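**Q** Quick one: the structure is below, questions incoming.
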Amino acid sequence: MKTLYQDKFQSVEEIKNRFEEAKYICSEQIATCVYIAHNLQKPVMVEGPAGVGKTELAKTTAEILDVPLVRLQCYEGLDESKALYEWKYAKQLLYTQLLKDKLGDLLEGATGLRESMDKIHSHEDLFFSESFLEPRPLFQALHEELGCVLLIDEVDKSDHEFEAFLLEVLSEFQVSIPELGTIKATIKPLVFLTSNNSREMSDALKRRCLHLYVPYPDEKLESKILSSRVPDLPEILRKEIVSFVQDVRALDLKKVPSISETIDWAKTLLLLHSEQLDPAMVKQTLNVLLKFETDIEGMRDHTMSFINKAHKRSGAQ
Amino acid sequence: MQQTLEDFYKVVRAAGVNISPSDSIETSRTVTLVGYRDRSILKSAFEVSLAKSLPEQDIVAECFDRFFYFNAFDTIEQLGHEQKNSPSANADEAVPVPKDEYKGDQPLAKMLLDRDAASLSTEMKKAAREVGLTDIWFFTQKSLYSQQIMQKMGLRDLQNEIAEAGKGECPGDGVGDALREAKDYLAEQVKDFVEQQLSMYGKNAARNLREEHLQSAKLSNVEQRDFHIMHHLVLKMAKRLSTQYSKKKKRENRGQLDFRKTLRHNAAYDGVLFETYWKTKFIDKPRLMVMCDISGSVQAYARFLLLFVYSLNDVMTRIDSYVFTGNLIDVNDVFDDLPVEQAIDYIMDKHGLGGSDYGTTLLDLEDQCMDDIDNKTTVLILGDARNNFLAPRSEVMQLLHQRAKRVIWLNPEPENFWKTGDSVMYKYRPYCHLANTCNTLEHLERMLDSLLKSATGTV
């Protein structure tokens, strides 16, 4: 079995190719960032609008490195017991009930409270051992013997307290559990933090990470992504879809369509056996691309001109 | 190479990105890893490790393009050729370079006559480092540095050579002229180079100087063209103040068991108390109500006060903003919907420049907002209290004083004007917890610092 850092990537180019094989088309900057992160074992803070493949990046990285992915979804109110570990109270309770008789055996011959106490103390602290510990994602990630990719998703949704706690984990890759002592990662996990910028993260956290901003892709990249994700799509239609979506992004919308929506739309059009964009079809399927009624309404005036432009650019008609 | 990297960090720092020593160490490691072979990869590497946000990423990219841009002496081949085209010069004489005729061993002269752009550029950078060009920060230093660099490169010897070569020759002929021309070319290139460097290293220095000046300048004297710098300054200030004070504080009262909660949650364990719950206490964010006078008498200040209120609105959630001349007008929606300049223009156009009437404004306040004002609210009034000899209605101020946590009055006029003319400040003053002169940004910041401190109860 290979560990996380056993295979070093030779170059940025290699990462790009490996990503491509795993059907994740990335820009040079993303590849460079992963290269640095893997070689220097630094966490990466990935920012960008929703649906540009931030989470996918971590998943694909885990895939090409052939290590498990441990995911921690952040939300308001997330605390240590949900992120790190928890004691299995019910199991502890159940075991004390089951072992009542055994306790009686154990204490046989002891007279007085002090002597019984001493007898119990002479045994190990069984109820606070790892078998009664419910591991949560962070604990799991530290415990993974071959290393893993740890994805801390939407870290901006968590509270300040949790962020401070995360600092300790990310700088030392160790945590202390009062009952068990300090637990240190055998192999540092490769950490990806994603953020939608719903709040500014603290400088201290940012400083520990590489900063990667994933923007909406340009026309060329999007076309490449589309051909990798929806390979059956006819070329003309692909070009038209990309041109159309790029135009839509320039509009002032409540929710701008991202790559995932482009892919969904392409799949929809493929399912409906379209060869080219035509106004009726676009109108019917626009709800795949745009998620707000007001946005769809606002698009109505532009649809025709965008379609014509797309036709022109794809070289059809 | 380390020196080059450090120079680059200096440029990025000058452009306003904070780079801590640990950042620079990490980045140097990163650079060692990716190497200098591929320009675009190196650029991405700098971007991901130096920048901490998207705007910073753009700054780093821009700095990279400028810093690693080598064009010095790339026009050297054209040197001398210009003469060929000009009708007055004789084509045969001017070029090619009379290399053989030059017998001296002065290195600079050799390099120039050999058209050796690479060595010239290296020499220039070496000289620049020796004279400490990275410390340049103001445009008046340009010629000083250019001169120093030329001297280091051996200008004096070159001049001697020129004088030497010129002896016994007709003007417009031979080595002397070629050298003279090359010298002018060199001077031009060095000047260009220094200018480039100034635009990188001096970018922020000049701005800092300007900002420093603006901070202590009277708000009424600040010119319109500095408005965007002011906006930047005010926003920075408002942000600092708000992050410092607007944090919701949750304090756990360790030691006080919340019995009801604990029992309720442990019913599942047969009443055995496995999980304990402690009583917690929330300290709420302060509530701020701002009233800003925008009448004719405070015209010079109004824009900046509005700017400040806008910025505060941006960074604090629990704030109500009003403007007034004769009536109290709620401007929360305008601030939420429009960008800063438009919002201010809109407010000034629509409501501004009347004669102020503090009396009716206070009555409006009593009507509309008095119910919302409680002992957690801080009321901030920005205005000069020039009431145009109308009724001051100080009884409302008295009520306000009793209800609100704090009433703060910031007056752009100095204190000895408060009793002159139509100012009714002296009547309102007893009902303010704090009344102060405030006509520079520094005043404003100091005032608000103390205001927010007491509003959040940290003092």
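Values in this text are rule-based calculations from the coordinates and carry no lab data. Since the model is a prediction, treat every value here as computed from it, not as a measurement. So basically every Cβ, Gly included, is an ideal-geometry build from the backbone, and we count neighbours across all protein chains shown.
**Q** For chain A, take the longest principal axis of its alpha carbons; what is the angle in degrees between that and the long axis of helix A:112-121, to the nearest 10 within 0 to 90?
**A** So the inclination is approximately 40 degrees.
**Q** I've got another one for you. Which order do peptides A:260-271, A:196-207 fall in by mean Cβ count within 10 Å, highest first?
**A** Ranking, from highest mean packing down: A:260-271, A:196-207.
**Q** Also, quick follow-up: Which pairs break 32 Å Cα to Cα here: A:LYS312/B:LYS52; A:LYS23/A:LYS309; A:LYS100/B:LYS279; B:LYS191/B:LYS236; A:LYS267/B:LYS52; B:LYS43/B:LYS236?
**A** Table pairs above 32 Å Cα-Cα are A:LYS312/B:LYS52; A:LYS100/B:LYS279; B:LYS191/B:LYS236; A:LYS267/B:LYS52.
**Q** When the helix-only estimate is applied to the protein assembly as shown (DSSP H runs of n ≥ 4, each -39,500 (n - 2.57), divided by the residue count), what is the mean residue ellipticity at 222 nm, nearest 500 deg cm²/dmol?
**A** For the protein assembly as shown, the value works out to -16500 deg cm²/dmol.
**Q** Next question. Determine the shielding of peptide A:31-39 by partner chains: average, over its residues, the number of Cβ atoms on other chains within 10 angstrom of each Cβ.
**A** 5
**Q** To the nearest 0.05, how large is the calculated FRET efficiency for A:TYR95 and A:LEU146 if R₀ is 22 Å and r is the Cβ-Cβ distance?
**A** That gives a FRET efficiency of 0.10.
**Q** At R0 = 25 Å, how high is the FRET efficiency between B:LEU273 and A:THR111 if r is their beta carbon distance? Nearest 0.05 is fine.
**A** The formula returns an efficiency of 0.25 here.
**Q** Separate question: By how many nm would the segment from B:PHE227 to B:ASP337 lengthen if fully extended, with 0.36 nm per residue of separation less the alpha-carbon distance?
**A** The span from B:PHE227 to B:ASP337 would gain 37.6 nm if fully extended.
**Q** Same structure, new question: If you count, for every residue in A:208-221, the Cβ atoms of partner chains within 10 Å of its Cβ, what is the mean?
**A** 3
**Q** Nearest-5 percent of antiparallel DSSP beta bridges in the protein assembly as shown?
**A** 30 percent
**Q** In percent, what relative contact order does chain A have, based on Cα pairs under 8 Å that are 6 or more apart in sequence?
**A** Relative contact order comes out at 23 percent.
**Q** If you place +1 on the Cβ of every Lys and Arg, -1 on the Cβ of every Asp and Glu, and leave all else neutral, what size is the dipole of the stretch A:85-131 about its Cα centre, to the nearest 20 Debye?
**A** That gives the stretch A:85-131 a dipole magnitude of about 180 debye.
**Q** In the stretch A:236-254, which residues have a backbone nitrogen under 17 Å from the label point lying 7 Å from A:ASP278's Cα in the Cα-to-Cβ direction?
**A** A:236-238, A:240-241
**Q** Let me ask something else. Based on the Cβ-Cβ distance from B:GLU395 to B:ASN436, what FRET efficiency comes out when R0 is 30 Å, to the nearest 0.05?
**A** The formula returns an efficiency of 0.85 here.
**Q** Now for a different question. Ranked highest first by the average count of other Cβ atoms within 10 Å around their residues, in what order do B:39-52, A:226-239, B:432-445 fall?
**A** Ranked by mean Cβ neighbours within 10 Å, highest first: B:39-52, B:432-445, A:226-239.
**Q** Mind checking Rg over Rh on the stretch A:219-311, alpha carbons, Kirkwood formula for Rh?
**A** 0.92
**Q** Related question: Among A:GLY109, A:ILE120, A:THR96, whose Cα lies farthest out toward the positive end of the dipole of the stretch A:85-131, if unit charges sit on the beta carbon of Lys, Arg (+1) and Asp, Glu (-1)?
**A** It is A:THR96, whose Cα lies furthest towards the positive end.
**Q** Okay, moving on. Which angle from 0 to 90°, rounded to the nearest 10, does the C-alpha axis of helix A:12-21 make with the longest principal axis of chain A?
**A** Helix A:12-21 sits roughly 80 degrees off the main axis of chain A.
**Q** Semi-axes of the equivalent ellipsoid for chain A, please: Cα gyration tensor eigenvalues, times 5, square-rooted, ordered largest first, whole Å.
**A** 52, 22, 18
**Q** Using the per-residue mean of other Cβ atoms lying within 10 Å as a proxy for protection, in what order, highest first, do the peptides B:377-388, A:298-309 fall?
**A** B:377-388, A:298-309
**Q** Next question. Shielding by partners for B:16-29, please: the mean number of other protein chain Cβ atoms within 10 Å of each residue's Cβ.
**A** Going residue by residue through B:16-29 and averaging, the value is 1.
**Q** Roughly how many debye, to the nearest 20, is the charge dipole of the protein assembly as shown about its Cα centre, given +1 on each Lys and Arg Cβ, -1 on each Asp and Glu Cβ, and no other charges?
**A** Charge dipole of the protein assembly as shown: 1780 debye, to the nearest 20.
**Q** How far apart, in nm, are two points set 7 Å out from the Cα along the Cα-to-Cβ line at A:ARG199 and at A:LYS224?
**A** The answer from the label model is 3.7 nm.
**Q** Let me ask something else about it. Normalise the Debye intensity by I(0) for the stretch B:294-354, one equal point scatterer per Cα, no solvent, then take log10 at q = 0.17, 0.26 Å⁻¹ and round to two decimals.
**A** Taking Cα atoms of the stretch B:294-354 as identical point scatterers yields -0.49, -1.16.
**Q** Also: Of all DSSP beta bridges in the stretch B:287-456, what percent run antiparallel (nearest 5)?
**A** 15 percent
**Q** Another question, then. Run the numbers for B:THR75 and B:TYR36: contour at 0.36 nm per residue of separation, minus the present Cα-Cα distance, in nm.
**A** 11.5 nm
**Q** Two decimals is fine: what is log10 I(q)/I(0) at q = 0.05, 0.07, 0.10 Å⁻¹ for the protein assembly as shown, from a Debye sum with one equal scatterer on every Cα and no solvent?
**A** -0.45, -0.83, -1.25
**Q** Quick one: how many lysine pairs does the stretch B:287-456 have with C-alpha atoms less than 28 Å apart and a gap of 8 or more or different chains? Give me the count, please.
**A** Number of lysine pairs found: 8.
**Q** Let me ask something else about it. Going 7 Å from the Cα of A:GLU28 in the Cα-to-Cβ direction, what parts of the stretch B:1-42 have a backbone nitrogen less than 12 Å from that spot?
**A** B:37-42
**Q** Please compute the Cα-Cα pair-distance distribution of the stretch A:14-151 with 10 Å bins starting at 0, giving whole percents from short to long.
**A** Distribution as computed: 10, 27, 22, 15, 12, 9, 5, 1 percent.
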